[in-house]
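Could you have a look at this structure, given as structure tokens, before my questions?
The values are calculated or read from the model by the stated rules, or taken from the named source; none is laboratory data. On a predicted model such as this, the values are computed, not experimentally measured, just so you know. So basically every Cβ, Gly included, is an ideal-geometry build from the backbone, and we count neighbours across all protein chains shown. Remember, those area values only see protein heavy atoms, side chains included, never the ligands or the DNA or RNA. Shrake-Rupley method; radii C 1.70, N 1.55, O 1.52, S 1.80 Å.
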Amino acid sequence: MADERMRVAVLGGGSFGTALASIAADNGAEVRQWLRDPALAEQINREHVNGRYLPDYVINSAVVASTEMVDVLPGAGLVLVAIPSKAFGEVVRQARTHLSPDQILVSTTKGIQEAGFKLMSQILEEETGFPHIGVISGPNLASEVADKQLTATVIASDDPETRTRVQTALGCDYFRVYASNDRYGVELGGALKNLYAIVAGMAAALGMGENTRSMLMTRALAEMSRFAVALGANPMTFLGLAGVGDLIVTCSSRLSRNYRVGYALGEGRSLDEAVEALGQVAEGVNSVRLVRDKACDEGIYMPLAEGLYQVLFKGVPADEMARLLMLGEQSSDVEFVLAREDVQRAHREQGGDRGKDHD
């Protein structure tokens, strides 16, 4: 019915899930939010505040929180899954008995599952077999969304109904929702940019300047698109919000969890100390090893990801890795204009060591 209130369910009690729940309620939806912590659920219902993740944000009073999925999921037309990647599959399996095939399932999580190198929407698809699957990604710092700062995101799905319903549920005067049909590219962009935010944070802590940050972001974009296209994504996706847009914000802002982890590493803290100081999940830390290993398996050139892996897991100092990266091969700028292999071939034909491949 055109005048029937949309029912929206949100799985997850983190900052972004909470902000989206409140936006949907602002737009007139009936919203239920599931979270594990009974005390936090009670606080949301009583005080309309998520004191753990968004303590200064007043949640729309129409959002009702519960620790019981049976109270949240049945009858919801749209289900937003905002669960960290490590627990994502477990929660979806727990939710499965309360879901039905006519529901729209949308992941908001920017991460990768280790088993099978699965993205979150792929887990949704495999665990449910439902036809209406999508992913939300983009430059969406949750605290700024909560502050009603002008923000844009992408809903990506092969299914037009999914795209339209999400745009209707979440689009408002400060949160603009654009559509894409490259679900894999949009989701992979959201997962990959987390790695490079760690790199940018380290560079800032080491006192590197704006030239350095610009170089890192543009080479990161080249590396992200190279990896994603090798796995079947559309390279043009990375010119949009889920590619360059998300990369800019996460590599530039201290509000980015991954940036803050990188900054702590650049200050000389261990990985465990950096993560402990953050107090929240930084998805990039979980993804570094997965992306690096996948690149090695597929033969994809990923010098920044490899360098970050060496810093995080092999004890190489961040400043030493930066120096080594600058000594690597000088190849093409935009590979979809001039292929990297063509530059390497020209170097070899000139017979100089400068053309040596440092993969």
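Where Rh denotes the Kirkwood radius from the mean inverse Cα pair distance, what is Rg over Rh for the range 223-342?
Rg/Rh for the range 223-342 comes to 0.97.
Rolling a 1.4 angstrom probe over the protein heavy atoms, how many square angstrom per residue are accessible across the chain?
Each residue of the chain exposes 45 Å² on average to a 1.4 Å probe.
Something else about it: ³J(HN,Hα) across the range 306-319 via Karplus (A = 6.51, B = -1.76, C = 1.60, θ = phi - 60°), whole Hz, x for Gly/Pro?
Here the 3J(HN,Hα) series is 5, x, 5, 4, 5, 5, 6, 10, 10, x, 6, x, 4, 5 Hz.
Between Gly111 and residues 5 or more places away or on another chain, which pairs have amide H atoms under 5 Å apart, with H built 1.01 Å from N, and which residues are they?
Answer set, sorted by chain and number: Met120.
I've got another one for you. Defining a contact as two alpha carbons under 8 Å apart and six or more residues distant in sequence, what relative contact order in percent does the range 192-262 show?
Here the relative contact order equals 52 percent.
Before anything else, pin down the relative contact order of the range 212-350: Cα pairs under 8 Å, at least 6 apart, normalised by residue count, whole percent.
Dividing the mean separation by the residue count of the range 212-350 yields 20 percent.
Please give the helix 340-350 orientation as an angle from the longest Cα principal axis of the chain, in degrees from 0 to 90, rounded to the nearest 10.
Compared with the principal axis, the helix lies near 0 degrees.
Could you state how much accessible area Glu335 has, in square angstrom rounded to the nearest 10, with a 1.4 Å probe and all protein chains kept in place?
Taking all protein chains as shown, Glu335 has close to 50 Å².
Semi-axes of the equivalent ellipsoid of the chain: what are they in whole Å, largest first, if each equals the square root of 5 times a C-alpha gyration tensor eigenvalue?
38, 22, 17
While we're on this one: For the range 85-163 and the range 200-264, what is the separation of their C-alpha centers, rounded to whole Å?
22 Å
Same structure again: What's the magnitude of the charge dipole for the chain around its Cα centre, counting Lys and Arg as +1 and Asp and Glu as -1 at the beta-carbon? Answer in Debye, nearest 20.
Rounded to the nearest 20 debye, it is 320 debye.
Once the dipole of the range 11-167 is set up with Lys and Arg at +1 and Asp and Glu at -1 on Cβ about the Cα centre, which of Ala21, Val31, Thr108 lies farthest towards its positive end?
Highest projection toward the positive end goes to Thr108.
Please tell me which of these pairs span more than 22 angstrom C-alpha to C-alpha: Lys110/Lys314; Lys118/Lys294; Lys118/Lys314; Lys86/Lys118?
Those over the limit are Lys110/Lys314; Lys118/Lys314.
Show me the ranking of peptides 116-122, 192-198 by mean Cβ neighbours inside 10 Å, starting with the highest.
192-198, 116-122
Quote the charge dipole size of the range 239-328 about the Cα centre in Debye, to the nearest 20; the model charges only the Cβ of Lys and Arg (+1) and of Asp and Glu (-1).
140 debye
Then there is this: Quantify, in whole percent, the carbon and sulfur part of the accessible surface of the chain (1.4 Å probe; protein heavy atoms only).
48 percent
If you wrap a convex hull around the Cα atoms of the range 54-117, how much volume per residue is inside, in Å³?
Convex hull volume per residue, Cα atoms: 124 Å³.
Please give the calculated 222 nm ellipticity per residue for the chain, where each DSSP H segment of at least 4 residues contributes -39500 (n - 2.57) and the sum is spread over every residue; nearest 500 deg cm²/dmol?
-15000 deg cm²/dmol
Here's something else I'd like to know. Working only with C-alpha atoms, what are the Rg and Dmax values of the range 8-68, expressed in angstrom?
9.7, 27
How large is the charge dipole for the range 61-194, taken about the Cα centre, if only the Cβ atoms of Lys, Arg (+1) and Asp, Glu (-1) carry charge, to the nearest 20 debye?
Value, rounded to 20: 260 debye.
Going by amide H atoms built from the backbone, whose H comes under 5 Å of the H on Arg176, apart from near neighbours?
Amide H neighbours of Arg176: Thr151, Ala152, Thr153.
Could I ask something else about it? Counting DSSP beta bridges with both partners in the range 1-153, what percentage is antiparallel, nearest 5?
15 percent
Using packing as a proxy for protection, rank 92-99, 339-346 so that the peptide with the highest average count of other Cβ atoms within 10 Å comes first.
Ranking, from highest mean packing down: 92-99, 339-346.
Taking the chain as the reference, fit the longest principal axis to its C-alpha atoms, fit the long axis of helix 160-170 to the helix C-alpha atoms, and give the angle between the two in degrees, 0 to 90, nearest 10.
For 160-170 against the chain, the angle is about 70 degrees.
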